Amino acid sequence: MQLNKAVIGFVIGLFMPLLGFLIVYLIMGSGLGLDAFVGSVRSSGDMAGKVITLSVLINLIPFLLFNRKRMDLAVKGVVIATMLYAVLFIYVKFIA
């Protein structure tokens with residue numbers, strides 16, 4: 001299976017921040033249940049912006065890995081997915 005496809009990079013770029021969110025929850029959750037943590041994130045726009053930013057940082061791993069292997073199409077997919085998360089960040093931080 002060839003991994004140098006934009007769709008592969010896009011899917012990885014969409015799902016890696018979910019893993020990042022899980023890591024942020026384990027660090028910042030401080031004993032809260034997942035529902036309570038998500039509720040507190042949703043109620044605070046400032047905290048939501050921080051959580052989204054920290055969750056999306058994990059996209060650096062596939063970006064750098066694909067870039068090092070010269071898999072330019074997969075890099076493009078990761079960047080597009082990260083841009084979608086940037087739009088979500090702007091919406092949560094400034095509009096909602």
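Throughout, read-outs are computed from the coordinates displayed, never taken from laboratory work. From a predicted model like this one, the values you see are computed outputs, not experimental measurements.
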Sum of -39500 (n - 2.57) over DSSP H runs of 4+, divided by residues of the chain (222 nm, nearest 500):
-24500 deg cm²/dmol
Relative to the present Cα-Cα distance, how much length would full extension add between Leu3 and Ile27 at 0.36 nm per residue of separation?
5.5 nm
Excluding same-chain residues fewer than 8 positions from Lys93, which aspartates and glutamates have a Cα within less than 15 Å of its Cα?
Asp46
List the residues whose amide H sits under 5 Å from the amide H of Lys5, counting only those 5 or more places along or on another chain, with H placed 1.01 Å from N in the peptide plane.
Ala74
Who wins for biggest fluctuation among Phe21, Phe37, Phe63 in a Gaussian network model of the chain, springs between alpha carbons below 10 Å?
Phe37
Each residue of region 34-41 in turn: what ³J(HN,Hα) in whole Hz from Karplus with 6.51, -1.76, 1.60 and θ = phi - 60°, glycine and Pro shown as x?
4, 5, 5, 5, 4, x, 5, 5
Mean separation of Cα contacts under 8 Å (6+ apart) over length of the chain, as relative contact order %:
48 percent
To the nearest 10 degrees, the tilt of helix 45-56 (Cα long axis) against the first principal axis of the alpha carbons of the chain is 30 degrees
Plugging the Kirkwood radius over Cα pairs into Stokes-Einstein for region 6-96, at a temperature of 10 °C and a viscosity of 1.306 mPa s, what D comes out in µm²/s?
117 µm²/s
Kindly write out, for region 58-71 in residue order, the coupling ³J(HN,Hα) from the Karplus curve 6.51 cos²θ - 1.76 cosθ + 1.60 (θ = phi - 60°), rounded to whole Hz, with x marking Gly and Pro.
5, 5, 5, 4, x, 4, 5, 5, 5, 5, 5, 8, 6, 9
